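Step one of this worksheet: look at the structure below.
The values are calculated or read from the model by the stated rules, or taken from the named source; none is laboratory data. Fair warning: this is a prediction, and the values are worked out from it, not measured in the lab. Glycine also receives a Cβ, built like all others from the backbone with ideal geometry; neighbour counts cover every protein chain displayed.
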Amino acid sequence: MTGRRITPLFAGTGAVLLVFMAVALLAPWLAPYDPNAVSRDAILAPMSSAHWLGTDALGRDVWSRLLYGARVSVFFALAGAACTMLLGAFLGVIGGYFGGVTDRLIQIGVHIFQGLPGMSLMVALAGVMGPGTFSILLAVTLTSWTSFSRLVRAEVLRVRYAEYVEAVRALGAGHGYVLWRYILPNIMPSLIVLWTVRIGTVLLSVASLSFLGLGVQPPDADWGVMIFDAKSYFRTYPWLLLAPGACIAALSIAIQLWGDELRDYLSIDEEPWREG
């Protein structure tokens, strides 16, 4: 993309993401009801002015649970992608900069984890550790760090042998100074783009774990939990499933498109950051 400019798609998807972020932050003030409040008199109530999206099988307001579900989903998506980036970037920098036996050992780990089915391993890890915030983040991180490690290692290898880096090292600069002053600034744009793309993947992974009963646990409001609760009533009350499903799809698509536009805006050539 020549001449950095903000395209309509870049601005539009960015606006969608800002809306989801605002809803996640302001859910306690936007939700008309307590998301976990049970009402026997309003079980499976249809959409109305009192309940915009009706109520679920326990009489809980679907609209309120949808808003609170954004808080949980956005948190896990951002936190999971951040943990994945930190682990992958750390191992990529260490391996690419120091090389030798350290790099070979890290690459063995990369090949091992790449050869394992990601979703199956994630389910297995979450099942062994049990439901909980820590187990979700750990399962997501251990099954997704390889793409960051590959990217960072390739970028570090490219920068490490540049003439200006060799000149600084010849003048006596330490490893820490070279990494902080020259290596990290050069790989940061690619890291940011890969992080944005990873957010959408983590969102889908966490929703899948919640649907399987290995993620966020009821009665907490979460889009994956809402889909699981609604599957038995899909034929007669389709909006119970379609509402959280539409939110997951809209947020995931917006993140993916915004990440693609950000890559073009930052003029990152090709796509080494995409996971194969």
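Among the residues examined, Ile227 qualifies as under 27 Å from Pro46 (Cα atoms) and either touching a Leu at 6+ places or on another chain (Cβ under 7 Å) or among the acidic types (Asp, Glu) (or both). Restricting the range 39-57 to residues that are closer than 16 Å to Asp222 by Cα and in contact (Cβ under 8 Å) with a residue 60 or more places away in the chain leaves a set whose member that is farthest from the chain's Cα centre (by Cα) is Ala57.
Examine the range 244-264 for a residue that is more than 15 Å from the chain's Cα centre (by Cα), crowded, with 22+ Cβ neighbours inside 10 Å, over 29 Å from Val110 (Cβ atoms) and of a type outside the set (Ser, Thr, Tyr), and state whether such a residue exists. Yes, that holds for at least one residue. Residues in the range 127-145 that are surrounded by fewer than 24 Cβ atoms within 10 Å (Cβ to Cβ) and in contact with a Gly (Cβ under 8 Å, 6 or more places away or on another chain): Pro131, Leu137, Thr141, Thr143. Residues of the range 239-252 that are free of Cβ contacts under 8 Å to residues at least 40 places away in the same chain and under 18 Å from Phe10 (Cα atoms): Ala249 alone.
Only a single item in (1) within 25 Å of Leu204 (Cα to Cα); (2) in contact with a helix residue (DSSP H, G or I) (Cβ under 8 Å, 6 or more places away or on another chain); (3) modelled with pLDDT under 90 is not met by Val62, and it is number (3).
Residue-by-condition table, conditions (1) buried (at least 18 other Cβ atoms within 10 Å of the Cβ); (2) out of contact with any Phe, Trp or Tyr (no Cβ under 9 Å at 6 or more places or on another chain); (3) basic (Lys, Arg):
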position	(1), (2), (3)
Thr7	no, no, no
Phe20	yes, yes, no
Val23	yes, yes, no
Ala50	no, yes, no
Ser64	yes, no, no
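Look at (1) buried (at least 17 other Cβ atoms within 10 Å of the Cβ); (2) farther than 30 Å from Gly224 by Cβ and you find that His175 fails only one, number (1).
Listed by first and then second residue, the pairs linking a residue in the range 14-38 that is under 15 Å from Ala250 (Cα atoms) to a residue that is surrounded by 14 or more Cβ atoms within 10 Å (Cβ to Cβ) and of a type in the set (Lys, Arg), with Cβ atoms under 8 Å apart and 6 or more places separating them unless they lie on different chains, are Ala24/Arg71.
Looking for whichever is closer than 29 Å to Val152 by Cα, at pLDDT 80 or above and surrounded by 19 or more Cβ atoms within 10 Å (Cβ to Cβ) here; the options are Leu240, Leu214, Leu203, Leu184. Which one fits? Just a single option satisfies the conditions, and that option is Leu203. Among the residues that make up the range 108-126, is at least one of them of a type in the set (Ser, Thr, Tyr) and surrounded by fewer than 15 Cβ atoms within 10 Å (Cβ to Cβ)? Yes, there is a match, as at least one residue in the range 108-126 is of a type in the set (Ser, Thr, Tyr) and surrounded by fewer than 15 Cβ atoms within 10 Å (Cβ to Cβ).
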